[in-house]
Amino acid sequence: MNIAPFAERLQQCHMGLIEAHLAKLSPEDLAFRFFYPATLDSLRERYLARLDPARDVLLGIMIDGEIGALAHLYVEQHKAEVGVTVLPEYRERGLGEQLFEASILEARALGCRQIAIETRPDNAPMIALARSHGFIVGYDYGNIAGRLELRPLEPAGMSLWTFHRLLDVGAGLWRSLFGCEPMDKR
Ligand SMILES: CC(C)(COP(=O)(O)OP(=O)(O)OC[C@H]1O[C@@H](n2cnc3c(N)ncnc32)[C@H](O)[C@@H]1OP(=O)(O)O)[C@@H](O)C(=O)NCCC(=O)NCCS
């Protein structure tokens, strides 16, 4: 199994892979992530059609040419909210954690002062993730809301973030030469 060592900022050419990632999630996973009984058709209309990777902050960890873990960071006025999904076959091996940390780093690098999550009370892994990262977690109209105040990035964090985004530039150059689809999926 070939797991990318860092979360990549996804681009327009990843839209097909984003849809393929969502298509592999169960109805329960989709309900955890989108808070309604989402189907792929409804997501195409209500979510994918409105996604703009040039504007929306989408991070992915690639595994064997597919997006194994996907995060969407909704950023508004120095506040971010993050939604994360990991493909079922790759769960419970720390990918959610890795992507969650990358999302927090990204939010701090973008100047956010707070990051939030919202999930259902029966979503034990997501609540564990939030708690272990110091989020204040509590009930909010029947759901669980968590928030974490963010400090500005210190120089070491900024260097790490810059390094990751430079790797994105390299990956972008590669894609402009060879396309977005991985070699084994063409
Ligand atoms: C939530 C989700 C992203 C976690 O991904 P993952 O890769 O399995 O997570 P990790 O392996 O990094 O584990 C993260 C934490 O959850 C805990 N955990 C994992 N699976 C668990 C389970 N089935 N029950 C309880 N805790 C669990 C881990 O022990 C870990 O806790 P820690 O941070 O205290 O060490 C994944 O389960 C998922 O995609 N769920 C469906 C979509 C969803 O619910 N998204 C969140 C809504 S925003």
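The table below gives the values:
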quantity	calculated
Lone qualifier among Pro155, Pro53 - being surrounded by fewer than 17 Cβ atoms within 10 Å (Cβ to Cβ) and touching a helix residue (DSSP H, G or I) at 6+ places or on another chain (Cβ under 6 Å)	Pro53
Residue count, the stretch 119-135 (criterion: at pLDDT below 95 and within 22 Å of His78 (Cα to Cα))	1
Residues of the stretch 126-156 classified as of a type in the set (Ser, Thr, Tyr) and either within 11 Å of the ligand (Cβ to nearest atom) or in a loop (DSSP other than H, G, I, E, B) (or both), total	2
Matching residues, the stretch 54-65, being under 11 Å from Ile3 (Cβ atoms) and within 15 Å of the ligand (Cβ to nearest atom)	Ile61, Met62, Ile63
Residues (more than 8 Å from the ligand (Cβ to nearest atom) and under 17 Å from Pro5 (Cα atoms)) located in the stretch 66-90	Glu66, Ile67, Gly68, Leu70, Ala71
The stretch 12-38: number of residues that are loosely packed, with under 13 Cβ neighbours inside 10 Å and in contact with a helix residue (DSSP H, G or I) (Cβ under 9 Å, 6 or more places away or on another chain)	4
Set Leu70, Leu110: member being surrounded by fewer than 19 Cβ atoms within 10 Å (Cβ to Cβ), of a type outside the set (D, E, K, R), within 21 Å of Leu51 (Cβ to Cβ) and out of contact with any Lys or Arg (no Cβ under 7 Å at 6 or more places or on another chain)	Leu110
Pairs with Cβ under 7 Å, 6+ apart, first in the stretch 83-95 and over 14 Å from Ala23 (Cα atoms), second near the ligand (Cβ under 6 Å from one of its atoms)	Gly83/Arg33; Val84/Gly96; Leu95/Val86
Residue count for the stretch 100-154, restricted to those that are more than 20 Å from Phe35 (Cα to Cα), under 16 Å from the mean Cα position of the chain (by Cα) and touching a residue at least 40 places away in the same chain (Cβ under 8 Å)	9
Output for the stretch 99-121, where each listed residue is of a type in the set (D, E, K, R), within 10 Å of the ligand (Cβ to nearest atom) and in contact with a strand residue (DSSP E or B) (Cβ under 9 Å, 6 or more places away or on another chain)	Glu118, Arg120
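The values are calculated or read from the model by the stated rules, or taken from the named source; none is laboratory data. What you see is a predicted model, and the numbers here were worked out from it, not measured in a lab. So basically every Cβ, Gly included, is an ideal-geometry build from the backbone, and we count neighbours across all protein chains shown.
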